[in-house]
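J.: Sharing a structure with you now.
The values are calculated or read from the model by the stated rules, or taken from the named source; none is laboratory data. Predicted model only: the values in this text are computed from it and were never measured. All Cβ positions, even for glycine, are placed from backbone atoms using ideal geometry, and neighbour counts span all protein chains on display.
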Amino acid sequence: MERLVVVGADAAGMSAASQARRRRTPSSLQIIAFERGRHASYSACGIPYLVGGVVGHCGQLIARTPEAFRDSFQIDLRLSTEVTEIDIGRRAIHARDIVTGREWWEGFDQLVVATGAVPVRPALPGADASGIYGVQVLDDAAKLIQALEGEQPRRAVVVGGGYIGLEMAEALILRGIRVALVDGGPEPMGTLDRDMGALVSEALRRLGVDLYLGERVLGFETKGGRLCAVQTAERSLPADLVVLGLGVRPNTELAKRAGIPTGVTTGILTDRRMHTAVDGVWAAGDCVESFHRVSGTPAFVALGTHANKQGRVAGINLGGGYATFPGLVGTAVTKIYGVEVARTGLNETEAARAGFEFLSVVVESTTRAGYFPGARPMKVKIIAEKRSGRLLGAQIVGEEGAAKRIDVLAVALWNDMTVEEITSLDLSYAPPFSPVWDPVLIAARKAWELVEETMLQCR
Ligand SMILES: Cc1cc2nc3c(=O)[nH]c(=O)nc-3n(C[C@H](O)[C@H](O)[C@H](O)COP(=O)(O)OP(=O)(O)OC[C@H]3O[C@@H](n4cnc5c(N)ncnc54)[C@H](O)[C@@H]3O)c2cc1C
């Protein structure tokens, strides 16, 4: 009988394990999954909502328990067990039970590396002080909630204005804590262009977040080993608690030590079937490097959407089937205080970096017909290649009903459509859902008018 070992038992790892099981019976493939945390198969994406009290308890974020994996899938899931070494030559992994300290080697025929990402922690004075939290895995959320309930902090500073920083800022506000957010960039959400990011700043201010933009954190002040303030070049911000939202990097130390090649983004290199350069070793999720279909370059995008798909692809292939992960276009969505924020493809900086000549348009419209009750404002930005009119990217900021419209543009992007082609799309319409010209179509039309003008000037 063959043995599959999975390292990391969340989105990517357990998708791979489940798909492998669908194709291989327990008598032909034994599956063992190792997870160093106390939880597996959970929604990390739900952490801000758990911290903010929108989701009642941690168990609601767990998709399947170890018992369910054992009984329904015959997958042996071992929690609180860290894989400390992969020996490719011996085809074995070294495991350590975090609770008992027991250590042993476990052989494998096939291996899935799904170790996820690790939060960027700045090497700044005081960064190890107690009271500073990262939120990456469910255990981190549990520690943070314990601190919130036990220590009753009054003032928090969120460092970093990416989507996790924003969602955590809102969660802390919901807990009745005074929140300041510090970001080195001119606006939060650096994955948006500055004009669209400014709308996010407005939403944060309305929420009551004290925003400090264009300020770098220089260190953390402590009193008796405990955090008391965050030091920027401009000021000292009193803080009982800090949440770090400085982004993540692929967690590849284990793979690198084993000689599994990584790429320019430091993620593990795989082919389209999620197979690494090492025979019988697969990788999926936040620990891998992906391919950006618009820029045509390697990309590291740590999102649950990709982790689930890549894990599924790895599991199908190692189970004897055929599936591919054909790359990504960078679609993401979030919400801050009733303001929905979405993006896909390249922003202006990324388009310029990829060498495109491009133009951009921003249109203002509403989520429903203007006269219809509940119509809310929204803005759509489209970035298109200058001469061809090819869609390169899009951003949406607006109120309820705005953000998921990005999916239309993501599909258009996936299929290399021009803004002219988008203009003709047969999208649905009725007054409770959109104006007769959907905001996406208005933006595409404006972009196409600009492309036409440019083409006339070039003649
Ligand atoms: C707060 C937050 C909000 C998010 N919101 C969204 C969202 O709205 N939409 C979205 O698409 N994505 C979101 N994400 C990202 C998404 O959660 C991740 O992309 C996804 O969880 C990645 O899945 P993964 O299986 O690759 O890695 P992970 O979920 O990180 O799982 C990796 C697992 O491997 C374990 N592990 C690591 N090393 C070892 C080892 N040596 N031995 C044993 N176990 C090990 C870790 O403990 C971890 O449980 C969010 C993430 C966070 C943190």
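J.: Among what's in segment 1-45 and is under 18 Å from E85 (Cα atoms) and touching a Phe, Trp or Tyr at 6+ places or on another chain (Cβ under 6 Å), pick the residue that is surrounded by the most Cβ atoms within 10 Å (Cβ to Cβ).
T.: Filtering segment 1-45 down to residues under 18 Å from E85 (Cα atoms) leaves 3-9, 13, 32-37.
If we keep only those that are touching a Phe, Trp or Tyr at 6+ places or on another chain (Cβ under 6 Å) too, we end up with 3, 5, 7.
Numbers: R3: 16, V5: 25, V7: 27.
Per the criteria, the residue is V7.
J.: Confirm whether K379 is within 12 Å of the ligand (Cβ to nearest atom), surrounded by fewer than 21 Cβ atoms within 10 Å (Cβ to Cβ) and assigned to a strand (DSSP E or B).
T.: Answer is no for this residue.
J.: Cβ-Cβ below 6 Å, separation at least six or inter-chain, first residue in segment 25-51 and touching a residue at least 12 places away in the same chain (Cβ under 8 Å), second among the polar types (S, T, N, Q) and near the ligand (Cβ under 8 Å from one of its atoms): which pairs?
T.: F34/T81
J.: Continuing with this model, one more query. With the checklist (1) surrounded by fewer than 21 Cβ atoms within 10 Å (Cβ to Cβ); (2) in contact with a Gly (Cβ under 8 Å, 6 or more places away or on another chain) in hand, flag the one item T349 doesn't pass.
T.: All conditions pass for T349, except number (2).
J.: On to the next question. Report those helices (runs of 4 or more DSSP H) wholly inside segment 1-89 carrying at least 2 residues which are away from the ligand (no atom under 15 Å from the Cβ).
T.: The helices (runs of 4 or more DSSP H) meeting that bar are 11-23, 66-73.
J.: Just need a number here: residues in segment 168-199 that are acidic (D, E) and surrounded by 23 or more Cβ atoms within 10 Å (Cβ to Cβ).
T.: The qualifying residues number 2.
J.: A further question follows. In segment 300-320, is there at least one residue being within 22 Å of S43 (Cα to Cα) and hydroxyl-bearing (S, T, Y)?
T.: So far as segment 300-320 goes, yes, one or more of its residues are within 22 Å of S43 (Cα to Cα) and hydroxyl-bearing (S, T, Y).
J.: Do we have T324 as outside any strand (DSSP E or B), within 15 Å of the ligand (Cβ to nearest atom), surrounded by fewer than 22 Cβ atoms within 10 Å (Cβ to Cβ) and of a type outside the set (K, R) here?
T.: Spelling it out, it is not the case that T324 is outside any strand (DSSP E or B), within 15 Å of the ligand (Cβ to nearest atom), surrounded by fewer than 22 Cβ atoms within 10 Å (Cβ to Cβ) and of a type outside the set (K, R).
J.: Also, I was wondering about something else. Can you tell me which residue among R273, R257 is of a type in the set (D, E, K, R), within 23 Å of D109 (Cα to Cα) and touching a residue at least 60 places away in the same chain (Cβ under 8 Å)? Break it down into steps so the answer makes sense when it comes.
T.: Working: R273 fails: touching a residue at least 60 places away in the same chain (Cβ under 8 Å).
Selected residue: R257, the only one of R273, R257 that is of a type in the set (D, E, K, R), within 23 Å of D109 (Cα to Cα) and touching a residue at least 60 places away in the same chain (Cβ under 8 Å).
J.: Which one is surrounded by the fewest Cβ atoms within 10 Å (Cβ to Cβ) among residues in segment 127-141 that are in contact (Cβ under 8 Å) with a residue 12 or more places away in the chain and among the acidic types (D, E)?
T.: D139
J.: Looking at segment 355-366, is at least one residue within 11 Å of the ligand (Cβ to nearest atom) and at pLDDT 95 or above?
T.: No - not one qualifying residue is present in segment 355-366.
J.: Still on this structure, please answer the following. Among residues belonging to segment 261-291 that are charged (D, E, K, R) and within 16 Å of the ligand (Cβ to nearest atom), point out the one that is surrounded by the fewest Cβ atoms within 10 Å (Cβ to Cβ). If you could, list the steps in order and put the result at the bottom.
T.: Here is the first cut: in segment 261-291, the ones charged (D, E, K, R) are 271-273, 279, 286, 289.
Remaining after also requiring within 16 Å of the ligand (Cβ to nearest atom): 286, 289.
Details: D286: 29, E289: 21.
It comes out as E289.
J.: Go through segment 292-316 and report how many residues are surrounded by fewer than 20 Cβ atoms within 10 Å (Cβ to Cβ) and in a strand (DSSP E or B).
T.: Qualifying residue count, segment 292-316: 2.
Let's see how each residue does on (1) touching a residue at least 40 places away in the same chain (Cβ under 8 Å); (2) farther than 30 Å from P432 by Cα; (3) not hydroxyl-bearing (S, T, Y):
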position	(1), (2), (3)
F356	no, yes, yes
T367	yes, no, no
R376	no, no, yes
K386	yes, yes, yes
L391	yes, no, yes
R405	yes, no, yes
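J.: Being away from the ligand (no atom under 15 Å from the Cβ) and closer than 17 Å to R257 by Cα is the filter here, so list the residues in segment 91-141 that pass it.
T.: R91
J.: If only one of L124, L77, L144, L148 is in contact (Cβ under 8 Å) with a residue 60 or more places away in the chain and out of contact with any helix residue (DSSP H, G or I) (no Cβ under 8 Å at 6 or more places or on another chain), which one is it?
T.: L124
J.: Those residues that are out of contact with any strand residue (DSSP E or B) (no Cβ under 8 Å at 6 or more places or on another chain) and part of a strand (DSSP E or B), I need them from segment 265-291; list them, please.
T.: Listed by number, the list is empty, since nothing qualifies.
J.: For segment 165-190, give me the residue count where each residue is under 20 Å from the mean Cα position of the chain (by Cα), part of a loop (DSSP other than H, G, I, E, B) and in contact (Cβ under 8 Å) with a residue 60 or more places away in the chain.
T.: Number satisfying all stated conditions: 1.
J.: Please state which one of L409, L413 is touching a helix residue (DSSP H, G or I) at 6+ places or on another chain (Cβ under 9 Å) and either part of a helix (DSSP H, G or I) or surrounded by 18 or more Cβ atoms within 10 Å (Cβ to Cβ) (or both).
T.: Step by step, each of L409, L413 is checked, and only L409 is touching a helix residue (DSSP H, G or I) at 6+ places or on another chain (Cβ under 9 Å) and either part of a helix (DSSP H, G or I) or surrounded by 18 or more Cβ atoms within 10 Å (Cβ to Cβ) (or both).
J.: A follow-up question, please. Restricting segment 245-260 to residues that are of a type in the set (A, V, I, L, M) and under 15 Å from the mean Cα position of the chain (by Cα), which is nearest to the ligand (Cβ to nearest atom)? Quick ask: steps written out before the conclusion?
T.: Of segment 245-260, the ones of a type in the set (A, V, I, L, M) are 246, 248, 254-255, 258, 260.
Those left that are additionally under 15 Å from the mean Cα position of the chain (by Cα): 246, 248.
On the way: L246: 12, V248: 8 Å.
In this case the residue turns out to be V248.
J.: Just need a number here: residues in segment 195-210 that are among the charged types (D, E, K, R) and closer than 12 Å to V397 by Cβ.
T.: Qualifying residue count, segment 195-210: 2.
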